[in-house]
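The structure under discussion appears below in the form of structure tokens.
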Amino acid sequence: MFSLTQKNKGQNGAYAVLDENDEEVLYIFQEEDDAVRYAMMLEDCVGEMDVLEVEDEVIIKTCIVKNHKFTIITKNDIVIPPETEHDFI
């Protein structure tokens, strides 16, 4: 699986979207190509992004332990960045 961070930030500051309740939701992509495409769409809004490969179990357990919402973006999902609701957790 893959997550996004701001360029040169490494594992600090994973990209998240604010949901309708203003809660951070971490996007976890199953496919690297989908993560790369989404990162390219973000460049104008939040700057250059890095795509990091993450272990499935580790990222999900970390989210659960830290009480972070997350969603897994499958190859069948279509997501586009929101116009204004970006955050880094």
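Could you list which residues have their amide H under 5 Å from that of A14, counting only those 5 or more apart in sequence or on another chain, with H placed in the peptide plane?
I89
Let me cross-check D22: its accessible surface, 1.4 Å probe, with only protein heavy atoms counted, in Å² to the nearest 10?
Approximately 110 Å² for this residue.
Quick one: what are the phi-derived ³J(HN,Hα) couplings along the range 35-46, Karplus 6.51/-1.76/1.60 with θ = phi - 60°, whole Hz, x for glycine and proline?
5, 5, 4, 5, 4, 5, 5, 7, 3, 5, 8, 10
Leaving out ligands, DNA and RNA, and with a 1.4 Å probe, what % of the accessible surface on the chain is carbon or sulfur?
Answer for the chain: carbon and sulfur cover 45 percent of the accessible area.
Roughly what would the spin-label model give for N76 and E23, points 7 Å off Cα along C-beta, in nm?
Computed distance between label sites N76 and E23 equals 2.5 nm.
Can you give the longest run of the chain that contains no trypsin sites (Lys or Arg not before Pro) sitting in a DSSP loop with at most 16 other Cβ atoms inside 10 Å?
For trypsin sites (Lys or Arg not before Pro) (loop position, at most 16 other Cβ atoms within 10 Å), the longest site-free span of the chain is 10-65.
Once phi is turned into ³J(HN,Hα) by the Karplus curve 6.51 cos²θ - 1.76 cosθ + 1.60 with θ = phi - 60°, what whole-Hz value does each residue of the range 21-26 show in order, with x for glycine and proline?
Values per residue, Gly and Pro as x: 9, 6, 9, 6, 10, 6 Hz.
In whole Hz, with x marking every Gly and Pro, tabulate ³J(HN,Hα) for the range 54-67 from phi via Karplus 6.51 cos²θ - 1.76 cosθ + 1.60, θ = phi - 60°.
Karplus values, whole Hz, x for Gly and Pro: 10, 6, 3, 5, 5, 5, 5, 5, 4, 4, 5, 4, 8, 6.
How far apart, in nm, are the 7 Å Cα→Cβ label points at C45 and I64?
Taking the two extended label points, one gets 2.9 nm.
Between D56 and D33, take the C-beta separation as r, use R0 = 22 Å, and let me know the FRET efficiency to the nearest 0.05.
Details: r = 17 Å, r/R0 = 0.79.
Result of the calculation: an efficiency of 0.80.
In terms of modelled amide H atoms, which long-range or inter-chain residues lie less than 5 Å from the amide H of K7?
Here E48, M49, D50 satisfy the definition.
The values are calculated or read from the model by the stated rules, or taken from the named source; none is laboratory data. For clarity, every value in this text was computed on a predicted model and none was experimentally measured. Positions of Cβ are backbone-derived with ideal geometry, glycine not excepted, and every protein chain shown enters the neighbour counts. What goes into the accessible areas is simple: the full protein's heavy atoms, side chains included, and nothing from ligands, DNA or RNA. Shrake-Rupley method; radii C 1.70, N 1.55, O 1.52, S 1.80 Å.
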